[in-house]
Every structure is written in structure tokens, then in C-alpha cells.
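Visitor: Take this structure, written in C-alpha cells, and hold onto it; I'll ask about it next.
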There are 2 protein chains.
Amino acid sequence: MTLQIAALASRVGTNVAAIIKCIDDGLLDAKINIVISNQPGAPVLEKAAQAGIAVYVCNSDDYSDREAYDRELLSAVKGAGADTVVLAGYMRVLTPVFVQAYPQRILNVHPSILPSFPGRMGNEDAINYGVRLSGSTVHFVEETLDKGPVIIQAVVPVHSTDTGKTLMPRIQAMEHRIYPQALQWLAEGRLKIEGHRVTLLSAKIPSISLGSSGQGPMGPWMVSPPLEGF
Amino acid sequence: MTLQIAALASRVGTNVAAIIKCIDDGLLDAKINIVISNQPGAPVLEKAAQAGIAVYVCNSDDYSDREAYDRELLSAVKGAGADTVVLAGYMRVLTPVFVQAYPQRILNVHPSILPSFPGRMGNEDAINYGVRLSGSTVHFVEETLDKGPVIIQAVVPVHSTDTGKTLMPRIQAMEHRIYPQALQWLAEGRLKIEGHRVTLLSAKIPSISLGSSGQGPMGPWMVSPPLEGF
């Protein structure tokens with residue numbers, strides 16, 4: 001069933017652009033009904049408006065109470081008829097008021113192989129730790145930050161000379177594939193959550209095949225479960 | 001310079017066998033001077049003896065004091081002329097008495113993409129969390145468990161039907177390549193530790209090349225830094 005998406009982003013929202021492109025290309029059965037930012041002037045708003053998508057600013061500076069803010073946010077999301085909430089660089093933690101209103105319908109992308117390096121500075125934390133592999137995780141959002149059930153993960157190498165800035169584009173290139181893929185699986189009703197584990201039903205590509213890995217312009221990558229055309 | 005290795009293992013020690021094979025094949029410039037186990041009857045002891053390697057049991061049941069145990073262990077390691085200590089499924093935490101005697105010369109392999117899932121049950125913890133990627137990390141040992149500077153990491157997919165038992169062989173197949181590789185880099189003096197980051201000097205294979213990833217009998221894998229012939 002076509003997803004009716006509300007996308008929440010605080011800044012550039014490159015994942016929103018990637019999702020728009022996958023919809024336009026006919027890969028992703030979804031419609032973005034509204035893009036909401038907590039930051040007036042966030043570049044994502046202009047990008048969405050150019051694509052003919054309704055935008056809304058819910059300025060976090062206007063609210064001292066986090067729950068009051070989330071009630072306003074929820075009203076905007078519901079008003080747009082959204083059945084799915086896509087967090088794309090949304091730099092606020094959702095309160096239970098919001099999370100409980102969309103059980104198993106809020107998705108987030110985080111630039112690390114969770115559970116390593118949760119939180120705002122995940123990418124920089126990975127560099128400082130000295131890991132040699134990092135990546136990205138698309139997961140369902142629950143009430144604990146960056147802890148919900150994992151849908152799909154991607155991994156890329158970290159070089160010894162990397163900084164957060166040089167690593168991030170390598171990770172984002174994969175986010176722009178795995179996030180639309182996760183949404184398409186959701187649209188197809190193929191994600192089954194049991195406890196903290198997610199099963200992809202009727203996987204089209206066996207994990208053992210080369211479908212899981214490849215070589216991009218920025219180097220090798222691996223994704224699990226394997227991408228299906230994204 | 002040829003490494004003089006003391007290998008510590010509690011059980012089967014499949015990584016010890018992998019290291020022996022790489023030495024025999026001329027890939028790894030090292031000699032295992034002694035294999036030590038804290039468990040009498042550990043299968044690793046018989047395997048080592050068959051390969052003509054000295055073995056020693058330092059039975060942990062005989063010591064109530066962890067430091068006294070580690071002093072005995074240290075005396076065995078030093079007595080064997082070892083300059084490098086290889087932990088291969090050694091299920092005890094080393095005390096500072098031991099760690100401080102071999103600074104930057106103790107290596108460990110851990111079956112997860114550290115810092116995710118440290119500790120004894122790392123592999124099972126990964127399954128229970130529902131991650132879609134896991135792997136292995138070879139790192140220098142410092143006084144905090146599973147926290148030392150990372151030398152090399154490997155990643156493999158986790159399938160939704162995996163258990164700890166089905167995932168482990170996929171991880172071990174990579175451990176048997178990355179552990180000998182890490183040791184060979186140490187033998188070549190090519191590992192530079194700065195703070196918590198390790199740089200591989202004079203890398204022969206650029207990370208962007210396909211040298212970092214491949215397809216094995218158990219599916220796709222990725223390693224960083226890239227393997228050099230292992």
C-alpha cells in the first residue's frame with residue numbers, strides 16, 4: 001500500500017532528496033505528504049517546496065515543553081494524513097507522546113552500525129574510537145534513542161586518515177539506498193517485528209549472493225539484508 | 001622481525017590452528033613458542049602438541065588470587081621467550097600485572113564489530129539485538145576489556161534465521177584470515193598506535209580497491225584495512 005509519509009528533518013535532509021528521487025523513479029511506492037523541520041530556514045524545506053511538497057516549520061525555540069512541542073508536531077503529521085513518519089537527520093528526541101501515536105510506523109536512519117555509537121555525534125565518535133568499519137542503520141523508532149529494531153544495515157571501510165567529514169559522504173551514499181529500500185519493504189508489508197528482531201518476508205535475493213555487496217565510486221560496501229534494486 | 005608468540009586459549013583455539021597454518025604456509029613471519037591454557041584438557045593443547053609446540057596448563061582452579069595467577073602466567077610466557085602474546089578464545093580477563101608487562105604486544109580477537117557487543121557473550125548478544133551485520137575485531141589489549149586500539153575488522157551478514165551457532169562459523173572464517181594478517185603487520189613493524197587509533201603504514205592495497213571485500217563459500221565479507229594475501 002502506498003506509504004503516506006511525513007518526513008522530519010533539521011538540516012539538509014539529503015535522505016529526503018533520495019526518497020523523493022526513488023519515488024519519482026518508480027522504485028518506492030510512497031508519497032511524501034509533508035516535510036517538517038524544527039529549524040526555520042533548514043535547506044530541506046526549500047528542496048521539498050521545489051518538489052511540490054507541503055512544508056511546515058515547528059520551531060523548537062517557541063516551545064519550552066518537549067511534550068507540548070510533540071503534540072503540535074503530531075497534529076501536523078496527522079493533519080497531513082501521514083501513516084508513516086520518516087526521520088531524516090531530525091536532531092530532536094521524540095517523546096512518548098509522539099512515539100506511541102505511530103507504533104512501528106516511525107523509521108530513523110543513524111550513521112553508525114548500531115548499537116555502536118548512538119547519539120548525536122555517532123560519526124565523530126566512530127572516528128575517535130578508531131574503528132576500521134562503520135556504516136549506517138535504518139531502524140524502527142522506540143522510546144529509547146537509537147535502540148529500536150534494526151531493519152537494514154550498511155557497512156563501509158574507515159581509512160586511517162578519515163575525519164568525520166571524509167567518512168560521512170561514504171556513509172550517506174549508502175543511506176540513500178538503504179533508507180528507500182527499508183521504506184519499500186514497509187510499503188510491501190514485508191517487515192515482521194518479533195521482539196527486537198525484524199524479519200524480511202519473502203526476500204528476493206538470498207543473502208549469500210553478491211547482491212549484498214559491491215564496489216561503488218567511493219569504495220566497497222556491504223548491505224544486509226541484500227538490496228532489491230536500490 | 002620474526003614474532004615469538006605465546007598463545008593463550010581456553011578451549012578449541014581455532015585461531016591458533018589458523019596461525020600455525022599461516023606460519024607453515026610462509027605467509028606469517030612468526031613462531032609459536034608456547035600454547036598456554038587455563039583449562040586442563042582444552043582441545044587446543046592437543047592440537048599444539050601435535051604441531052610440535054610446547055604446551056603449558058596454568059589451571060585457574062588452583063589460584064584464588066587473580067594477580068597471583070597472572071604472575072605465574074607471565075613467568076611461563078617470559079620463560080618461553082615470547083615477545084608477543086596472542087589471545088585466542090582466552091576466557092579470562094588479564095590483570096594489569098600481565099598487561100603492563102607486554103605493552104602494545106598483546107593482541108586479542110573478539111567476535112563482534114567492536115565497540116558493539118563486548119564481553120563473553122558478544123556473539124549471542126548480537127543475535128538477540130537483531131543486528132543485520134556482525135563480524136570480528138583484532139585489537140591491542142589494554143586494561144579495559146575489549147576496549148584496546150583496533151587493528152583490523154571484518155564484517156559478515158547476519159540472517160534473520162541465524163542463531164549464535166550458525167553465525168559463529170561465518171565470523172570465524174574471517175577471524176582465521178584477519179588475525180594472522182594483523183600479526184604479520186606487527187611482525188613487519190607496520191602498526192603505529194596514536195591515542196586510540198592504529199595506522200597501517202605502507203598499505204599495499206588501497207582501501208578503495210576490491211581488495212577489501214569478496215565472496216566466500218559462506219557469503220560476502222568485507223575487511224578493513226584490506227587483506228594482503230591472507
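The values are calculated or read from the model by the stated rules, or taken from the named source; none is laboratory data. Nothing here was measured: the structure is a model prediction, and the numbers come from that model. FYI the Cβ positions are ideal-geometry reconstructions off the backbone, even for glycines, and counts take in every protein chain you see.
Visitor: Name the pairs whose Cβ atoms lie under 9 Å apart, with the first residue in the stretch B:120-137 and in the same structural domain as B:I151 (by TED's automatic domain parsing), the second among the aromatic types (F, W, Y) and not in a helix (DSSP H, G or I), and 6 or more positions between them or separate chains?
Guide: Partner pairs satisfying both residue conditions: B:N123/B:F117; B:E124/B:F117; B:D125/B:F117; B:A126/B:F117; B:Y129/B:F117; B:V131/B:F117; B:S134/B:F117; B:G135/B:W221.
Visitor: Let me ask another. Within the stretch B:7-35, how many residues turn out to be out of contact with any helix residue (DSSP H, G or I) (no Cβ under 6 Å at 6 or more places or on another chain), part of a loop (DSSP other than H, G, I, E, B) and either among the aliphatic types (A, V, I, L, M) or free of Cβ contacts under 8 Å to residues at least 12 places away in the same chain (or both)?
Guide: Qualifying residue count for the region: 3.
Visitor: If I filter the stretch A:61-83 down to residues being surrounded by fewer than 22 Cβ atoms within 10 Å (Cβ to Cβ) and in contact (Cβ under 8 Å) with a residue 60 or more places away in the chain, which single residue comes out as nearest to A:L186 (Cα to Cα)?
Guide: Among those residues, the one meeting the criterion is A:D83.
Visitor: Can I ask one more? Working only within the stretch B:93-104, note down all residues that are over 17 Å from B:E72 (Cβ atoms) and in contact (Cβ under 8 Å) with a residue 24 or more places away in the chain.
Guide: Of everything in the stretch B:93-104, just one residue is over 17 Å from B:E72 (Cβ atoms) and in contact (Cβ under 8 Å) with a residue 24 or more places away in the chain, namely B:Q104.
Visitor: When residues of the stretch A:53-89 are filtered for being touching a Ser or Thr at 6+ places or on another chain (Cβ under 7 Å) and more than 23 Å from A:V198 (Cα to Cα), how many remain?
Guide: 5
Visitor: Using the structure shown, decide if A:Y56 is touching a helix residue (DSSP H, G or I) at 6+ places or on another chain (Cβ under 7 Å), outside any helix (DSSP H, G or I) and of a type in the set (F, W, Y).
Guide: yes
Visitor: Among the listed residues B:A76, B:A68, identify the single one that is of a type in the set (A, V, I, L, M) and either in contact with a Cys (Cβ under 9 Å, 6 or more places away or on another chain) or under 22 Å from B:T14 (Cβ atoms) (or both).
Guide: Matching residue, one of B:A76, B:A68: B:A76.
Visitor: Given (1) surrounded by 15 or more Cβ atoms within 10 Å (Cβ to Cβ); (2) modelled with pLDDT of 95 or more; (3) aliphatic (A, V, I, L, M), identify the lone condition not met by B:V93.
Guide: It fails just one condition, (2).
Visitor: Taking the criterion of being modelled with pLDDT of 95 or more, assigned to a strand (DSSP E or B) and of a type outside the set (A, V, I, L, M), would at least one residue in the stretch A:59-73 satisfy it?
Guide: no
Visitor: Within the stretch A:35-60, track down each residue that is of a type in the set (A, V, I, L, M), surrounded by fewer than 17 Cβ atoms within 10 Å (Cβ to Cβ) and either out of contact with any strand residue (DSSP E or B) (no Cβ under 6 Å at 6 or more places or on another chain) or not assigned by TED's automatic domain parsing to the domain that holds A:M91 (or both).
Guide: Answer for the stretch A:35-60, where residues must be of a type in the set (A, V, I, L, M), surrounded by fewer than 17 Cβ atoms within 10 Å (Cβ to Cβ) and either out of contact with any strand residue (DSSP E or B) (no Cβ under 6 Å at 6 or more places or on another chain) or not assigned by TED's automatic domain parsing to the domain that holds A:M91 (or both): just A:A51.
Visitor: Here's something else I'd like to know. Quick test of your reading of the structure: B:G211 fulfils all but one of (1) in the same structural domain as B:M222 (by TED's automatic domain parsing); (2) surrounded by fewer than 22 Cβ atoms within 10 Å (Cβ to Cβ); (3) over 30 Å from A:I205 (Cβ atoms); (4) not hydroxyl-bearing (S, T, Y). Name the failing condition by number.
Guide: The number of the failed condition is (3).
Visitor: Next up: A:Y179 is checked against (1) away from chain B (no Cβ under 13 Å); (2) crowded, with 24+ Cβ neighbours inside 10 Å; (3) more than 16 Å from the chain's Cα centre (by Cα) and fails just one. What number does that condition carry?
Guide: (3)
Visitor: Let me ask something else about it. So which residues in the stretch A:156-165 are at the interface with chain B (Cβ under 8 Å from one of its Cβ atoms) and either of a type in the set (K, R) or within 18 Å of A:M121 (Cα to Cα) (or both)?
Guide: A:V158 - this is the single residue of the stretch A:156-165 that is at the interface with chain B (Cβ under 8 Å from one of its Cβ atoms) and either of a type in the set (K, R) or within 18 Å of A:M121 (Cα to Cα) (or both).
Visitor: Sticking with this structure for a sec: Return the total of residues in the stretch A:203-225 being modelled with pLDDT of 90 or more and more than 9 Å from every other protein chain (Cβ to nearest Cβ).
Guide: 0
Visitor: Scan the stretch A:141-157 for residues that are crowded, with 22+ Cβ neighbours inside 10 Å and either among the hydrophobic types (A, V, I, L, M, F, W, C) or under 20 Å from A:P169 (Cβ atoms) (or both) and report the count.
Guide: Summing the residues that are crowded, with 22+ Cβ neighbours inside 10 Å and either among the hydrophobic types (A, V, I, L, M, F, W, C) or under 20 Å from A:P169 (Cβ atoms) (or both) in the stretch A:141-157 gives 9.
Visitor: Among the numbered conditions (1) within 10 Å of chain B (Cβ to nearest Cβ); (2) buried (at least 16 other Cβ atoms within 10 Å of the Cβ); (3) of a type in the set (K, R), tell me where A:K192 comes up short.
Guide: Of the numbered conditions (1) within 10 Å of chain B (Cβ to nearest Cβ); (2) buried (at least 16 other Cβ atoms within 10 Å of the Cβ); (3) of a type in the set (K, R), the odd one out for A:K192 is (2).
Visitor: Considering A:S112, A:S75, which residue is more than 14 Å from every other protein chain (Cβ to nearest Cβ) and out of contact with any Lys or Arg (no Cβ under 9 Å at 6 or more places or on another chain)?
Guide: Only one candidate passes the filter, namely A:S75.
Visitor: When the stretch A:116-139 is examined, which residues are found to be more than 20 Å from A:T166 (Cβ to Cβ) and either surrounded by fewer than 22 Cβ atoms within 10 Å (Cβ to Cβ) or away from chain B (no Cβ under 12 Å) (or both)?
Guide: A:P118, A:G119
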